[in-house]
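One structure is given below, encoded as structure tokens.
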2 protein chains.
Amino acid sequence: MSLWEILLGRRLRSEEQEAQKIGPVLGVPVLGLDALASAAYGPEAALAVLLPLGAAGTGLIAPIAAAILVVLFLLYISYYQTIGAYPGGGGAYTVGSQNLGETAGLLAASALSLDYILNVAVAISAGVGAIVSAVPPLLPHTLPLCLTLLAALTVVNLRGVREAGMLFRVPTYAFVACLGAALAIGLARTLAAGGHPRPVEPPPRLAAATSAASAWLVLRAFSSGCTAMTGVEAVSNGVPIFREPPVRHARRTLTAIVAILGLLLAGIAGLCRAYGIGATPAGQPGYQSVLSQLVAAVAGRGAFYYVAIGSVVSVLALSANTSFADFPRLCRALALDGYLPPEFAHLGRRLVYSTGIVTLAVLAGALLVAFDGITERLIPLFAVGAFLAFTMSQLGMVAHWRRVGGKHAPHALVVNALGATATGLTLVVVAVSKFAAGAWITLLLIPALVVLFRRVRAFNDRLDRLTEDRGPLEIGEPAPPPPIVLVPTRHLDRVERKALRLAMTLSPDVRAVRVRTQDVEPDHLAEHWDELVARPARAAGFTPPTLVEVPSAYREFFGPLLAYIRAIARANPKRHVAVVVPEFVQRRWYHYLVHSHRATLLKHLLLLHGGPQIIIINTPWYLRE
Amino acid sequence: MSLWEILLGRRLRSEEQEAQKIGPVLGVPVLGLDALASAAYGPEAALAVLLPLGAAGTGLIAPIAAAILVVLFLLYISYYQTIGAYPGGGGAYTVGSQNLGETAGLLAASALSLDYILNVAVAISAGVGAIVSAVPPLLPHTLPLCLTLLAALTVVNLRGVREAGMLFRVPTYAFVACLGAALAIGLARTLAAGGHPRPVEPPPRLAAATSAASAWLVLRAFSSGCTAMTGVEAVSNGVPIFREPPVRHARRTLTAIVAILGLLLAGIAGLCRAYGIGATPAGQPGYQSVLSQLVAAVAGRGAFYYVAIGSVVSVLALSANTSFADFPRLCRALALDGYLPPEFAHLGRRLVYSTGIVTLAVLAGALLVAFDGITERLIPLFAVGAFLAFTMSQLGMVAHWRRVGGKHAPHALVVNALGATATGLTLVVVAVSKFAAGAWITLLLIPALVVLFRRVRAFNDRLDRLTEDRGPLEIGEPAPPPPIVLVPTRHLDRVERKALRLAMTLSPDVRAVRVRTQDVEPDHLAEHWDELVARPARAAGFTPPTLVEVPSAYREFFGPLLAYIRAIARANPKRHVAVVVPEFVQRRWYHYLVHSHRATLLKHLLLLHGGPQIIIINTPWYLRE
């Protein structure tokens, strides 16, 4: 257990929960990395759609950014309200299921959990992708690097929420500071130059327009830019990780995240227009990210450029962490309602939901392995999930206000209704525009997951129905007799003798069962049974065990033994039949190769095919005994 | 079980053993395929070594073939004698260990078993290699084809010796007939042409000599040609598969195999010389096997050519079968002496040693997968094993005759001594000439295997020492009391109630143990214990179980439970502590995903860390209960 302690830290007592909680300073790195990293790819995604418009595209970025900022503001207000209404954690699942019913809640849960898994894979592979393109010799090691980063994130999150926040706050605030500085410098220069600053390093020239602007193109640019908002829901989901008073701390964290994100988005959009920066075709030679062009245009390619781009890359890679903070809480909520196995609701050694963390890591790892560390093709799959969850959550809040009523309710309801409309429209645009590129997969997977959750719940319900009993213990009349105890015997060696002795203390009806697998086996055990076993047993005051010989025409062991056991059970339908299975405990892995697995096999066969009367009494035998 | 019946045939009763046995007609395909297939590659191997001599090489083939035939004849006589001396199966392991001691026997066993495994992989990949070079579109499917062929051989051999013989006799005798016919035609034409026949299709011209003959080159050619003898030992190893009288039938089979092999070798060597056929460089464009050149030269490339080459290819691929006939018998002999787990000595449902067959298939399959179905590089690894086993077996027979004595002994001893000298010399030449190409691996693996066998034996001996007991059952004074029975309890659901009821019938000392993993767990079970459990138990005449609450500061279940169980065991060192582990039997694979694995984990932890006082009582619970 010592290795675990080094890796994961000492176990935390349940009473230490409060000390693990955090405030806004750590809340931003723990819950905000996904949202903040969006600033790096949201504007780029919008500009990429505008690429065919050439220079005219850059002109359109300002109104599109303004529209995005409006939706972001609506989301902010409505999640601000959600935090107050659901201080126990108001994820889309909770809000949806409590206000709109089970199906809506499960739809939101499916959408969100898919999104969280995709986010981990995509963020890690994007971060590692940026690193290997900076250090080309690492290229062949892309997948191992991805998996290492994933493992590191997993371990950090298993160590607890607080540790994750402490570790990630440096890159988070470095990112905010660098990008803020670049935007401030750019803004100052733009103002000084009357709106037309001269770039330190000119961005690549925009290609000539190949098509004219259309409403559909603008809508697609808007919906692509909306990916900048994914991650905003994280805080409302994670309210319980904040220290007292949690609602206030959560709201401050949300405000900080949205304010930073809004400023970054506005600044990036403004400077792109001022400097004439557009997207460059991804995956082609000469590709340069929008942020790289922007920082170079504002401040040139000096040390600052490399520090800033380094912070962007690390935040991209670490944005996977938001999933690690929220996915386990979503799973916990589902497990508490019976839609997932109960392990997901169990607080682990460091007071986090370890099962959810490990599950997320395994699923994201599988995606990374399946796509060999290059998960670009997964990008169209997400966003749909996020906006479906946003919409569900907003609609749920509308229903919530209608139900709750009160002084602020009409006002709050309007805000949430506006939010629902905006995110719902965005959802439609995203789903339609990305349908063929992969969003259809998400639209198939979400209902499949809903079915899975329902199945698990049905199984758990059935189990509860079958096993529940609240009355006093019923023992039966007459009281049940001790079981018939069967002891498979071959040579009457010391292992079997221990089993026989034990059996005699448990029941007066003990039978040693001998399967005659080889015709040549010597027969003297039956002859000497009385003197070897029966007489000493009688002398000690026990009913002596009998010896039963079971023939085996086909040299099988298990078949005839199971048939005999079942026959005994059938002949004594009111009694338990206990089978003693002595087992060598294999202390070394190579013992498994060397030694017979008869005991293990017998246990499994009895469990699977024995029937409800059968009991397996497993007596370990240690080599040192 | 119905699928097994279709695949493997009905189970055979032990009494049907005699009906499964075979005579020489099936003995040749079962045990002779390896030896006969050698005719296809032995001469080619010798000619390949002679390649640098150009046309002069073909002149040397006759004396080399004569030397090989002499060694073959010596081997024949000595194995003929071995069959008589060891009618129970006189493999190199038996002969070596009974006459020269354990180490010699194990050396022979290691050498032979390696050889058998390599033979399967190499024969199958050679056969499939020939097929895919004839049908190039199959080339990308080399590995699947190899594995399919391996699986088919495995199934046929699992169906029994007789079935294998019936199935393989057609290709075996077709091979003998085709090659015999080609040689007869060739011989007739050679005689008619006074020793210089005109080829129907002239073989490729031999390259000019690049070096002169040397004694070392001739020795290497001889040792390469000696691979033609591998497989000759198979009959002596498999005497028990022949029907009454087994010695006579085995000797006839051996005679038939050696006679056919000798004639083929002599004929091929003679015709190669007459037609001026040499090897072509393997793996280079224009490569043509010696047999292909020979058949084309004698009979042209008509229908006969394709039938003959087809039979050669099928015999090459099926020559793996000799390993399937002998490897399981070798393993059985080793298992009977404790050098392998006892399963290897167990006759399976079709009266063959199924464990050995499956083990051989798995190991050969692993080799095929590791080498992607192209096992050429493994060829230098074998032959060393065969000749080491030959030598051990001959030396063993020398010791046998010295010990046994009698009228024929001096004569027989000389034959075996000559055999030992010839095979020993061949072994040295093979090992030295192929050392760098891979034989060193064999020379390392053989002693490693010997060490492994000894380890297994030591483990089995220790187990026997520790568990053996021949006296009457010792029960102890005073007689042991029933165990303390612990029942892990959470909600007192029906599963736990069943466990409690059972526990009360087994012992008057039953304790329900409740681990408090969550601080929030409701407490009413302790309050109501008397009315829920104790009172009904008393009413039924049982000592009422007590409830023990075990705290868990770190929300763990297993740690505190195990600690409590160990404390109970320490406090009652003379008593058994039985833990009742109720377990849901998961009938569908997806139940495994959904349901908690607490029971399985608990059983494993108790087995591994419980200590000798612990007993696990596993009560299955079926969903339909």
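The table below gives the values:
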{"item": "Residue that is farthest from B:Ile117 (Cα to Cα) [pool: residues in segment B:310-346 that are surrounded by fewer than 23 Cβ atoms within 10 Å (Cβ to Cβ) and either free of Cβ contacts under 8 Å to residues at least 24 places away in the same chain or aromatic (Phe, Trp, Tyr) (or both)]", "result": "B:Gly310"}
{"item": "Number of positions in segment A:349-379 that are of a type outside the set (A, V, I, L, M, F, W, C), within 24 Å of A:Glu233 (Cβ to Cβ) and part of a loop (DSSP other than H, G, I, E, B)", "result": "2"}
{"item": "Residues of segment B:80-103 that turn out to be touching a Leu at 6+ places or on another chain (Cβ under 8 Å) and either without any contact (Cβ under 8 Å) to a residue 12 or more places away in the chain or surrounded by fewer than 22 Cβ atoms within 10 Å (Cβ to Cβ) (or both), as a count", "result": "2"}
{"item": "Some residue of segment B:337-359 being acidic (Asp, Glu), assigned by TED's automatic domain parsing to the domain that holds B:Ser14 and farther than 20 Å from B:Leu33 by Cα", "result": "yes"}
{"item": "Matching residues in segment A:195-223 - criterion: being small (Gly, Ala, Ser), over 40 Å from the mean Cα position of the chain (by Cα) and surrounded by 14 or more Cβ atoms within 10 Å (Cβ to Cβ)", "result": "A:Ala207, A:Ala209, A:Ala213"}
{"item": "The one condition in (1) under 25 Å from B:Tyr173 (Cβ atoms); (2) away from chain A (no Cβ under 14 Å) that B:Arg350 fails to fulfil", "result": "(2)"}
{"item": "Given (1) more than 30 Å from the chain's Cα centre (by Cα); (2) surrounded by 17 or more Cβ atoms within 10 Å (Cβ to Cβ), number of the condition A:Cys226 does not satisfy", "result": "(1)"}
{"item": "Segment A:233-254, residues that are buried (at least 24 other Cβ atoms within 10 Å of the Cβ) and not in a helix (DSSP H, G or I)", "result": "A:Glu233, A:Gly238, A:Phe242"}
{"item": "Segment B:313-331, residues that are under 13 Å from B:Phe453 (Cα atoms) and either over 14 Å from the mean Cα position of the chain (by Cα) or within 14 Å of chain A (Cβ to nearest Cβ) (or both)", "result": "B:Cys331"}
{"item": "Test: residue in segment B:21-40 that is in a loop (DSSP other than H, G, I, E, B), more than 22 Å from the chain's Cα centre (by Cα), of a type in the set (D, E, K, R) and in the same structural domain as B:Thr426 (by TED's automatic domain parsing)", "result": "no"}
{"item": "Single unsatisfied condition, A:Ile615 versus (1) more than 8 Å from chain B (Cβ to nearest Cβ); (2) at pLDDT 90 or above; (3) closer than 21 Å to A:Pro481 by Cα", "result": "(1)"}
{"item": "Residue under evaluation B:Ser314, criteria (1) over 16 Å from B:Leu47 (Cα atoms); (2) part of a loop (DSSP other than H, G, I, E, B), criterion not met", "result": "(2)"}
{"item": "Residues (among the β-branched types (Val, Ile, Thr) and either assigned to a strand (DSSP E or B) or within 12 Å of chain B (Cβ to nearest Cβ) (or both)) located in segment A:552-572", "result": "none"}
{"item": "Residue identified as within 50 Å of the chain's Cα centre (by Cα), at pLDDT below 95, crowded, with 18+ Cβ neighbours inside 10 Å and within 9 Å of chain B (Cβ to nearest Cβ) among A:Phe542, A:Phe584", "result": "A:Phe584"}
{"item": "Test result for A:Ala569, buried (at least 21 other Cβ atoms within 10 Å of the Cβ), within 21 Å of B:Asn618 (Cβ to Cβ) and among the small types (Gly, Ala, Ser)", "result": "no"}
{"item": "Checking A:Ala259 against (1) surrounded by fewer than 18 Cβ atoms within 10 Å (Cβ to Cβ); (2) in a loop (DSSP other than H, G, I, E, B); (3) among the aliphatic types (A, V, I, L, M), the condition it does not meet", "result": "(2)"}
{"item": "Number of positions in segment A:545-581 that are within 51 Å of the chain's Cα centre (by Cα) and either of a type outside the set (D, E, K, R) or under 30 Å from B:Glu16 (Cβ atoms) (or both)", "result": "25"}
{"item": "Residues of segment A:478-513 classified as of a type in the set (Lys, Arg), within 28 Å of B:Gly541 (Cα to Cα) and within 11 Å of another protein chain (Cβ to nearest Cβ), total", "result": "1"}
{"item": "Criterion: in contact (Cβ under 8 Å) with a residue 60 or more places away in the chain and farther than 30 Å from A:Arg402 by Cβ - qualifying residue of A:Leu75, A:Leu31, A:Leu69, A:Leu26", "result": "A:Leu26"}
{"item": "Residue match in segment A:150-169 (condition: in contact with a His (Cβ under 9 Å, 6 or more places away or on another chain) and assigned to a helix (DSSP H, G or I))", "result": "no"}
{"item": "Qualifying residue in segment A:275-288 (condition: in a helix (DSSP H, G or I), hydrophobic (A, V, I, L, M, F, W, C) and crowded, with 23+ Cβ neighbours inside 10 Å)", "result": "no"}
{"item": "Criterion (more than 10 Å from chain A (Cβ to nearest Cβ) and surrounded by 20 or more Cβ atoms within 10 Å (Cβ to Cβ)) met by exactly one of B:Ile475, B:Ile446", "result": "B:Ile446"}
{"item": "Subset of segment B:5-23 that is free of Cβ contacts under 8 Å to residues at least 12 places away in the same chain and within 14 Å of chain A (Cβ to nearest Cβ) - its residue that is surrounded by the fewest Cβ atoms within 10 Å (Cβ to Cβ)", "result": "B:Glu15"}
{"item": "Sole exception among (1) over 30 Å from A:Gly267 (Cα atoms); (2) small (Gly, Ala, Ser); (3) in contact with a helix residue (DSSP H, G or I) (Cβ under 8 Å, 6 or more places away or on another chain) for A:Ser125, by number", "result": "(1)"}
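Per-residue answers, yes or no, for (1) over 12 Å from A:Thr227 (Cα atoms); (2) part of a helix (DSSP H, G or I); (3) among the polar types (S, T, N, Q):
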| residue | (1), (2), (3) |
| --- | --- |
| A:Ala389 | yes, yes, no |
| A:Leu395 | yes, yes, no |
| A:Ala399 | yes, yes, no |
| A:Arg402 | yes, yes, no |
| A:Lys407 | yes, no, no |
| A:Ala412 | yes, yes, no |
| A:Ala417 | yes, yes, no |
| A:Thr423 | no, yes, yes |
| A:Val430 | no, yes, no |
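The values are calculated or read from the model by the stated rules, or taken from the named source; none is laboratory data. This is a predicted model, so every value here is computed, not measured. Please note: Cβ atoms are built from the backbone with ideal geometry, for glycine as well, and neighbour counts cover all protein chains shown.
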